[in-house]
Structure formats: C-alpha cells, structure tokens
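Colleague: Let me give you the structure first, and then I'll get to my questions.
The values are calculated or read from the model by the stated rules, or taken from the named source; none is laboratory data. In this text the structure is predicted, and so the values were computed from the model without any measurement. Counting neighbours? That spans all protein chains shown, and the Cβs are built from the backbone with ideal geometry, glycine included.
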Amino acid sequence: MATKTQQDRQALERTMKAIIARSKKSNQPQLIGLEESAVQSKSISVEIPERIAELVYDIPAQRRLDELVLSEEIVSEVQEFIFEYSNTALLRSHSIEPRHTVLLKGPPGNGKTSLAEVFATELSLPLLSIRYDAIIDSYLGETASRLKRLMDFAEQIPCVLFFDEFDAVGKERSDVQETGEIKRVVSSLLVQMDRLPSHTIVVCATNHPELLDRAVWRRFELKLEINPPDHFQLVKWFGNFKKSMGKASVGITADDFAKYMEGETMAGVESFILDVRRKIILSKGKLSASEAIKSVLGRLKKTIITNNPEESQSHGNSTSNRANRTRSGSKKTN
Ligand SMILES: Nc1ncnc2c1ncn2[C@@H]1O[C@H](COP(=O)(O)OP(=O)(O)OP(=O)(O)O)[C@@H](O)[C@H]1O
Ligand SMILES: [Mg+2]
C-alpha cells in the first residue's frame, strides 16, 4: 500500500499533468496558470490529497475584479499585482520575483473575502481557504506540523492560499489567552510562509489588524485597507444596479441613493437590493421597481425620497460634495 507521502506525490503529479495539459492546449507557455490567467474566468480546482483536503476548503472562485465596487486606488493596486504575477516569466528572466503575499484589513462586509476570490479568478488559480478548526490543535507543535503539511503542498501548486478572518485563529482554543495564541500561530505561519515560492499567493484577511504585531504587517508585500464605500462608489454601484434593471424606472437618482446608503457596508447595500428584488417578485407585477425601492428605502430610513429628478439632482450634488469632503474610502496601507 502506498504511504501518505506517496499518495500526496501521486495526486500532485496528476494535478501538475492536468495543468500542463491545459496550458499546452491553449498554446501558452508552461508556467502554469500564469500567462493565460487574466483572460479566463472559470473557477479552477485542483485534486487535493485527503490529508490536505481536510485542512482547507477548495472554493470555486468566479468573481471578477470589475464585479466589485472598490476605490480607484485599490483597483489599481490589485491590477498591478495581477499584472506582475501574470508576467512572472519576464520578471524571472531579470532575476526578480513577483509579489505574492497580500494582507487585507478593514471592517466587515466590504469585500475582503470577495477580493481573495478575485485574485484566484483573475489569475485562474485554485482558491484554498484555510480551515482553522482542522489546523489548530491544543498542542502548538501539532498545529505547526499541520501548517507545514499544508505549506509543503501549497509550495508545489500555484494557488491562492487564503487565511480568512485571521483574527479568528485564536478562538479555536479556549485554554490559552486569545491574543497570545494568535501570535504564536501567526509566527509559526510566517516561518512557513517565508519559504513559499512566488507562484503561491498568500492572502490574509482580518477585521482586527491590531491583533497582528508589526512584524506580521511588515511581511506582507501588498497591504490593502478595504473600507465602506464612499459616495462615488455608491453612485457607481447604483449605476450598475440601474443597468441590471433594464428599462424599469428606479425613481431615485444615484446621488440620492448614495446619500441614503452613506455609512452602509457593501454587504448592506447588497442586501438592500435583494430586498427590492424580493419585493418586486413577490408582488407578482403589482409593484414597480421604483415603488419597491421607495418602500425598502422608507423602511431603512424614515426620510422623504424625492421622485423629482431635477430636485434630486441638485440635492445630490451637494451631497456628493459633502461626501467628498468627509469620507476617506479604501486605501493602500503601509
Ligand atoms: N466592494 C464590493 N463590491 C460589490 N459587492 C461587495 C463589495 N464588498 C462586499 N460586497 C458584497 O457583500 C458581501 C460580503 O462581502 P465580503 O464577504 O467580501 O466582505 P468581508 O470584508 O470579507 O466581510 P467580513 O469581514 O465580515 O468577512 C458579498 O456577498 C459581496 O457580494
Ligand atoms: Mg470575509
């Protein structure tokens, strides 16, 4: 009977062959998933040996960068990162590696997890999300050995290794002080992370960056702060929504919508639209889009909505200026 190491190796060989075959088929150079990446949108999956499969979720990534509404700065940072990775061969020919470690921080519901998915989709890489419950053991030594097992695998497969809600790591153990545990697991991870080749992208997301010490921060090559949407992002988001509604009148300007949603998370904005859609569907044609929007907005905030586009427009402009002065949006952090 084959040992676990042999099984791992066999599974790895199968995966590599499949990826190389795909790469040849598309007449691309054999640097798997790199040069061909930015054009594909299908989610990529690898065959994962059982011993590794229990440590990660293999998430089907399909979200594209242009589906998210982010600040221009974040979009351009992400595009540059993707461009670098997609041009690994060129960089390597000059003995330079692309960046491959990303830290995403920011309050809940504004796209950290979604952005990890975007990296995988845009680069046609499998997205492996870490299962802390399976990795963290009451013995730090065992935790470190599981992490090592995972990294041994990740080191050979181009993939996005995703540590979501990084700050949750410590909560897997109740007998040790939470912060201390996070730090120990994090330093164990960093030791392992340092030896990963650049074809393995590590993405960590956290709502509580204060739990990570400076040494951790410094290790990540790209650090992005994903904040709630500002006025302009909300306007853009509403524009996309309006397009998706076809010819139906929405009865509110983008500026007014942005004003209503100011301070909301993107997840909140998304749930607003789902509420509207539900209302329209369940009314079976009795409720127009604009009536549904008005009703949901009315429920959200008891403020009067103007249906007069001209009035809304002038009102919207002043809102937009105010928003411009007061909101900061998402940014790259140092
Ligand atoms: N920038 C965005 N553009 C469009 N939709 C977004 C954006 N951010 C979040 N969403 C939507 O909100 C939902 C929650 O987003 P996501 O899970 O990525 O947030 P998060 O920052 O990871 O939150 P948490 O910190 O709670 O894990 C997603 O379903 C996504 O569709
Ligand atoms: Mg998340």
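Colleague: State all residues of the range 133-163 that are of a type outside the set (Phe, Trp, Tyr), surrounded by fewer than 19 Cβ atoms within 10 Å (Cβ to Cβ) and not in a helix (DSSP H, G or I); if no residue qualifies, say none.
Modeller: Once the filter is applied, which keeps residues that are of a type outside the set (Phe, Trp, Tyr), surrounded by fewer than 19 Cβ atoms within 10 Å (Cβ to Cβ) and not in a helix (DSSP H, G or I), the range 133-163 yields 137, 138, 155, 156.
Colleague: Considering 114, 76, 71, which residue is farther than 17 Å from residue 205 by Cα, within 16 Å of ligand 1 (Cβ to nearest atom) and touching a residue at least 40 places away in the same chain (Cβ under 8 Å)?
Modeller: Residue meeting the stated conditions: 71.
Colleague: Of the residues that make up the range 240-247, is at least one aromatic (Phe, Trp, Tyr) and over 17 Å from residue 296 (Cα atoms)?
Modeller: No: the range 240-247 contains no residue that is aromatic (Phe, Trp, Tyr) and over 17 Å from residue 296 (Cα atoms).
Colleague: Of all residues in the range 85-111, which are in contact with a Lys or Arg (Cβ under 6 Å, 6 or more places away or on another chain) and more than 16 Å from ligand 1 (Cβ to nearest atom)?
Modeller: none
Colleague: Continuing with the same structure: Of the residues 263, 268, 298, 285, which single one is away from ligand 2 (no atom under 16 Å from the Cβ) and assigned to a helix (DSSP H, G or I)?
Modeller: Unique residue meeting the criteria: 298.
Colleague: Can you tell me which residue is surrounded by the fewest Cβ atoms within 10 Å (Cβ to Cβ) among those in the range 67-105 that are in a loop (DSSP other than H, G, I, E, B) and aliphatic (A, V, I, L, M)? Give the steps one after another, and end with the answer.
Modeller: We begin by selecting, within the range 67-105, every residue in a loop (DSSP other than H, G, I, E, B); these are 68-71, 87, 94-100.
Those left that are additionally aliphatic (A, V, I, L, M): 68-70, 96.
On the way: 68: 20, 69: 20, 70: 26, 96: 11.
Once the filter is applied, the top-ranked residue is 96.
Colleague: Take the range 245-266 and flag every residue that is loosely packed, with under 15 Cβ neighbours inside 10 Å and within 23 Å of the chain's Cα centre (by Cα). Quick ask: steps written out before the conclusion?
Modeller: Within the range 245-266, the first condition is being loosely packed, with under 15 Cβ neighbours inside 10 Å, and the residues that meet it are 246-249, 263.
Within the range 245-266, 263 is the sole residue that qualifies.
Colleague: Only residues that are outside any helix (DSSP H, G or I) and within 11 Å of ligand 2 (Cβ to nearest atom): list them for the range 106-130, please. Quick ask: steps written out before the conclusion?
Modeller: Our first condition is that a residue be outside any helix (DSSP H, G or I); within the range 106-130, this holds for 106-111, 123-130.
Matches in the range 106-130: 106, 107, 108, 109, 110, 111, 129.
Colleague: Of everything in the range 131-184 that's acidic (Asp, Glu) and within 16 Å of ligand 2 (Cβ to nearest atom), which residue is modelled with the highest pLDDT?
Modeller: Out of the qualifying residues, it is 164.
Colleague: Check the range 186-197 and report whether any residue there is modelled with pLDDT under 90, in a helix (DSSP H, G or I), touching a helix residue (DSSP H, G or I) at 6+ places or on another chain (Cβ under 6 Å) and among the acidic types (Asp, Glu).
Modeller: no
Colleague: Every residue in the range 42-66 that is assigned to a helix (DSSP H, G or I) and more than 15 Å from residue 114 (Cβ to Cβ), please.
Modeller: Within the range 42-66, 50, 51, 52, 53 qualify.
Colleague: Which members of the range 92-105 meet the condition of being modelled with pLDDT of 95 or more and within 13 Å of ligand 2 (Cβ to nearest atom)?
Modeller: Across the range 92-105, the qualifying residue is only 104.
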